[in-house]
Structures are given as structure tokens and as C-alpha cells.
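S.K.: Take a look at this one; I'll ask things after.
The values are calculated or read from the model by the stated rules, or taken from the named source; none is laboratory data. Owing to the predicted nature of the structure, the values given are computational and were not obtained by experimental measurement. Heads up, the Cβs are rebuilt from the backbone with ideal geometry, glycines too, and the neighbour counts pull from every protein chain shown.
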Amino acid sequence: MVSTSQPLTQELEKQQKLLMMKKLLFAVCRDYWERDRITLLSTSTKALIAELQQSYPNLNDVKQKLYGVVNQLNKREKYFPIATQLINKLSQLYGEVTEESKANFNPLDPKENSVDVSLDQNSTIADILKTFEEDQNSQRIHKMLFALSKQRWENNLETLSNYPVEQLIQNIYQTYSSLERISLNLLKIVKGLNKQGIYSQVAKTIITELAKLYPDQQVDQLTSLVNVSKSNLSQSKNTPSSVAPPAKMETETRKHNFEYNPYQVRQRIMKYTNPLRAKMLLFYTLYSNEITSQQEIDNLLLKTYELDQMIMQLVQNFRTIQELQDHLETSALSISSINDQLFNPDQNLQVIKAIIMSVKPLYETN
Amino acid sequence: MDADELLNHYQNGRKSFTGENLSGTNLSGADLISINLSSANLEKSTLTFAFLNEANLNGSNCVKATLSGSYLNQSNLRSANLHDCDLHGAILQGANLADTNLTLANLLDSNLMEANLEGADLSGADLTGVCLLGAVVTSFERRGEQNHRRTKLKRTVLKRADLEGLKLDHLDFTQAILWEANLVRASLAKANLQRANLQDANLFAADLTRANLTDANLRGANLTKANLERANLTGADLTGAYLNETKMFEGIFNNAILVQAKLQRARMIRASFKRANLTNANLMEANLRQADLTRANLTSANLYHADLTGTDLNSTNWTNVNLEGVILPDSITHS
């Protein structure tokens, strides 16, 4: 799993982008190239934008000046996308409709190949954006893209509005090396939701559209992957237990830190308790509302689940550590009532303690 | 001897049941701590959640036995036959599993921390989600005894297994499944990973010196700061892999797929990339001195400030390449 180093690099990239944006603002407002990091960091973006608005009455002037600046730079292909982003943001300020400057405004030497590539990409993203916006499930698409990009679920529309779809697509394109990984992650997200039917459709739309950014990949196979239909759930339906889909992720507002190290959490559980007992308890807590028979203790079914996936699901399902503990205790009681020789209450209590201890850090980070 | 008999004797203080025939018995949840069952026959017996801590099972026959969730901490299973045995979620922490036959055994989510697996045969076993921290997997080579006591891991399933920091040098992982496995700082020098599936595995700072990774699947794998010196990755699939700052001195990547691979500041000195596909790869500031890029495909790759001094660029495909600041083979900087 690569995730251990990704958040940091993403953060660094974000910071670097901000710095680049500030450098451009400096150049446009004050006509010189500011390299000093400290000066850049200590000057607020707000102040620079206010200055900009004073000096330039309309957006076209800003555009012209900005692309003029970019054209003179050594790393212009790096600064070009930043400038475009800046223009997009400023256009809102100037009350103009965002219209990419590419149509009648091509500030760079056409021979610059890398810039052509990014332009291509930008227009593809614009296409995708349009399709998403016109989709009847556009809000759900937004939520899924957010989850894909930020590794957490967000229902708050206000928070979502701070992350424009376009930016999320860009971010996803930069983070995911293949459409396959996107699909796998979408599948994981869908599996954690209540409305799996609708969201698997949404996931399909997302894969079909994002495929435009990953030209050489098999779309059909991947869209069928996220199809969380009866056939995918049949595995659990073959058993006498009624395996309910993991509940309630969609109705939650708590922000989880999913970017934990699954190996570490699992390692802690293994250190403190019996892995099979932990899995059984987690299984009942997550998937089974009613425990009906001894047959369910048959661990054949349990072999189709992995401990770390169950832990991840657990953290997604329960908002607070207390809620989690309550549910674990209820499940423990039910298990003991079936077979108190194999599952005596003391042993179960020890398993609960171990699970709580192991996942606690994940709740503390938020 | 049946289960009741054994439990009676055990409760009356008898600990040694060497060579007893207990095949097919059900001893689930039984307290058998420190029992001596060496050379006993436990074939097809059921020992779910049994307490076998510090038990002696040396040379026992546990073929097709159910030991899921059993407590086998510090037990001695040396030379036991555990073929097709069910050890799902079992605790084998500190257990001695040297020279055991674990072929086709199911060890899903079991705890193998600090276990001794010297000479164990794990071919075809399922070790998905196991934790092997501190385990002994490879043994020191003894003169005249090469290969003899190495753990066998051919076709072993090690999906999401935790192998962080383990010494796995020289081991045979041919066609093993190490999907999303944690191999951070593991030592895999001269290991045989031919056709192994290492997709999305974390190999951060792992030592893969002279490892054989021919035709391995390393899509999306994290090889940041790993050591691939003189490793053989002919035909390997490294699509989207992270190879930033990876040491690749004299590594062989002929015919390898490196599409969208991240190779920032990679040290690729004298490495061979004949006919390799590096489309859209990021080679910013990579050191490619004297590397061989004959007939490699670099379409849309980013070579910003890369060093190509002495690089062999015979018939290399350069379509759309970002060459800003590149040091070309004749040591002239491209402006």
C-alpha cells in the first residue's frame, strides 16, 4: 500500500501550488518576481487579491498581464495550469462566467508540447465536468468524487462546495495511477453505503467519464466491477444468516481518518487477542442483526472476510468509540447466548477491550 | 484414545501422550497447555480455540486438522505435518514451525509474530493478512547445505500480509501473491520473485539487490528509496509504480512496462531499459548516466533536469518529451 507517503506529498504539492500562485500574484501586482519564501508566506493572498482588484479594473487586463508574466518564465509549462486556475478563481470575483482562455487566447509558444498536453487534459476535464453537472445524480457524483479524493465521506453540502468538482477530478487524476485503482476504491466506498444500488450506478458513470483521462484502459470490466448487485452479494445470501449491508455510512457527519496504517491496527489486535474471536465478534457487529443458530459459528463464511477490511468497515460504521463499544457489547452477549462454552462473557470482554484499544487512535485523530 | 479419555488423563496430571492416535477427535476449546503430543496422530481432528500454548507437537501428524483460533503460542511444531490444515485466525506467536509441511494450509489472519519458519514448506498455503513481524523465515546458509533449510514460498498467498523489516534473502517466491503486502524495509536480496504478484505492495526502502523480478506484477507498488541494484526486472509491469529515489544501478528493465511510473531522482546509472515502455513516466532529475535506452519508448515522459550523460539513446522514441534542463549524452544542457 502506497498510502503511507501519499498524504504528505499531496500536502506538499498543495503548498507548492499555493506558493506558485502567490508568486504569480506578486508579479502581476507589483511587477517583480518574488522568490523569498518567507515574504511569500507572510503576505496574505487576500491582501494580494485586493491589490490586484485595485490595479486592474477588469479580468481581461489581469489575464493579459498574467499570461505575459507566465510567458517570460523558464518553467512556464508548470505555471500555465496554475495561471489558468487563478483566472478561473478570479473570474468569480470579477463576476464573469468562467470561460477558459484557450479559445482565442493562446499565450504560449505552440511548440511547447507539455503545455499542449495539459491543455488537452484541461479540455477533457471540462468535458467530464459538463457531463457530471448535467447528470441527475450530480450531487451524489460530487460526494463520491470527494470520498475518492479525500478518503472520507462528506454529507455537508457547505463543506462539499469548498471542493469544486473540477478540482477533485484534477486531484484524482494526480493521485490515482490507473482507472483500475479508482474502480477498486469506488467499489470499497459503495460497499460502505446504504444506497448501494444508486451509488453503484453513480460509480459506473464516474468510471466511464474518468476513462477519458486514462485512454488505454478497459472500461467495461471496471464498470462491472462496481456493480454491487445481487450477484455480488450472493456470497452472503448463500448462508442462513441474513447479512445486512453495512449500515449508515451515508448518514454520518463525523470525519474519519481513513488514512491509517491498516497493518498497525491489525497488529495491535493480534497482539492483544485471538484473531478468530475478534473476527467473529466483528462479523456479528457489522453484518448480522439477528443471531439465530450455531451454524453461523461455522467459520467457512468468515473465511471470505479479512480482518483488516472488517476493521476499516467498523471505523466507517461507528461515529464514536462509545457507540462502537456499545454495539460490540450487544453482539458479545448474543454470541455468548448461543454457545457459552466457546464464547464465555469473560473472553468476549477481553476481545472487546483489545478491539477498542486498537482502534482508539483512529478516533482520537479527529 | 478418544477425546474424553485424553481429557480425563490430562486433568489427572498426565502430560505426555507421545505417539497417541487421536485422529478425528474433537477437542475444541480444551485446555491442553504444555501437553506433549509429539509424533501423535491428529489427522482430521478438531481443535478450534483449543489451548495448546507451549504444547509439544514435534513430528505430529495434523493433516487436515482444524486448528482455527487455537492458542499455539510458544508451541513446538517442528517437523509436524500440517498439510491442508486449518489455522484460520490461530495464534502461533513464537511457535517453532521449523521444517513443517504447511503446503495448502490456511493461515488467514493468523498471528505468526516471532515464529520460526526455517525450512518450512508454505507452497500454495494461504497466508492472507498474516502478521509475520519478527518471524524467522530464512536461515543462515550452511556450507554444503545450500537451499536445504530455506522456507519455501512458491505460489504462497501473502495478500496484505505484514512482512515489514523481515529478512527474506534468497527465498523462492515464484508466482507468490503479495498483493498490498507490507514489505517496508524488508530484505529480499537475491530473492526469486519471478512472476510474483506485488501489485500495490509497499516496498519502501526494501533491499532487492540482485533479486529476480522477471515478469513480476508491480503495478502501483511503492518502491520509493528501495534498492534495485543489479536486480532483474525484465518484462516486469511497473505501471504507475513509485520509484522515486530508487537505486537502480545496473538493474535490468528490458521490455519492462513503466507507463506513468514515478522515477523522480531515481538513480538509474548503467541500468538497462532496452525496449522498455516509459510513456508518461516522470523522470525529473533522474540520473540516467550510461543507462541503455535503446528502442525504449519515452513518449510524453518528463525528463526535466535529468542527467543523460553517456546514455545510449539508439532508436529511442522521444515524442512529446519534456527536455527542459536535460543534460544530454554529450554533456550539453538542453535549455
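S.K.: If we keep just the residues of the range A:35-51 that are among the hydroxyl-bearing types (Ser, Thr, Tyr) and over 14 Å from A:LYS17 (Cα atoms), which is surrounded by the most Cβ atoms within 10 Å (Cβ to Cβ)?
M.R.: Ranking the qualifying residues of the range A:35-51, first place goes to A:THR43.
S.K.: Of the conditions (1) within 12 Å of another protein chain (Cβ to nearest Cβ); (2) under 22 Å from B:LYS167 (Cβ atoms); (3) over 22 Å from the mean Cα position of the chain (by Cα), B:GLY134 satisfies every one except a single condition; which number is it?
M.R.: All conditions pass for B:GLY134, except number (3).
S.K.: Hey, another quick one. Check B:GLY29, B:GLY89 and return the single one that is within 14 Å of chain A (Cβ to nearest Cβ), closer than 27 Å to A:ILE269 by Cα and either in contact with a Cys (Cβ under 9 Å, 6 or more places away or on another chain) or crowded, with 21+ Cβ neighbours inside 10 Å (or both).
M.R.: B:GLY89
S.K.: So, one more: Going through the range A:189-201 one residue at a time, which ones are farther than 18 Å from A:ASN155 by Cβ and surrounded by fewer than 20 Cβ atoms within 10 Å (Cβ to Cβ)?
M.R.: Answer for the range A:189-201, where residues must be farther than 18 Å from A:ASN155 by Cβ and surrounded by fewer than 20 Cβ atoms within 10 Å (Cβ to Cβ): A:GLY197, A:GLN201.
S.K.: B:ASN56 - would you say it is more than 14 Å from chain A (Cβ to nearest Cβ), surrounded by 23 or more Cβ atoms within 10 Å (Cβ to Cβ), out of contact with any helix residue (DSSP H, G or I) (no Cβ under 7 Å at 6 or more places or on another chain) and polar (S, T, N, Q)?
M.R.: In short, yes.
S.K.: The conditions are (1) within 24 Å of B:ALA191 (Cβ to Cβ); (2) at pLDDT 95 or above; (3) buried (at least 20 other Cβ atoms within 10 Å of the Cβ), and B:ARG210 fails exactly one of them. Which is it?
M.R.: If we test B:ARG210 against (1) within 24 Å of B:ALA191 (Cβ to Cβ); (2) at pLDDT 95 or above; (3) buried (at least 20 other Cβ atoms within 10 Å of the Cβ), just (3) comes out false.
S.K.: Does at least one position in the range A:121-137 carry a residue that is within 29 Å of A:LEU73 (Cβ to Cβ) and at pLDDT below 80?
M.R.: Yes: one or more hits.
S.K.: Just to check your reading of the model, which residue among B:ALA306, B:ALA281, B:ALA301 is surrounded by 22 or more Cβ atoms within 10 Å (Cβ to Cβ) and more than 13 Å from chain A (Cβ to nearest Cβ)?
M.R.: Just a single option satisfies the conditions, and that option is B:ALA306.
S.K.: While we're here: Would you mention how many residues in the range A:168-187 are over 12 Å from the mean Cα position of the chain (by Cα), farther than 17 Å from A:THR208 by Cβ and not in a loop (DSSP other than H, G, I, E, B)?
M.R.: Result for the range A:168-187: 2.
S.K.: Would you list the helices (runs of 4 or more DSSP H) that sit entirely within the range A:245-334 and hold 1 or more residues that are more than 14 Å from every other protein chain (Cβ to nearest Cβ) and at pLDDT 85 or above?
M.R.: Filter on the range A:245-334 gives A:275-287, A:307-317.
S.K.: Can you name every residue in the range B:92-125 that is surrounded by fewer than 22 Cβ atoms within 10 Å (Cβ to Cβ) and either within 13 Å of another protein chain (Cβ to nearest Cβ) or under 20 Å from B:ARG160 (Cβ atoms) (or both)?
M.R.: If the condition is that a residue be surrounded by fewer than 22 Cβ atoms within 10 Å (Cβ to Cβ) and either within 13 Å of another protein chain (Cβ to nearest Cβ) or under 20 Å from B:ARG160 (Cβ atoms) (or both), then B:GLY94, B:LEU104, B:MET113, B:GLU114, B:SER123, B:GLY124 are the ones that fit.
S.K.: Give the residue, chosen from B:GLY19, B:GLY59, B:GLY13, B:GLY24, that is under 30 Å from A:TYR305 (Cβ atoms) and assigned to a loop (DSSP other than H, G, I, E, B).
M.R.: After applying the criteria, what remains is B:GLY24.
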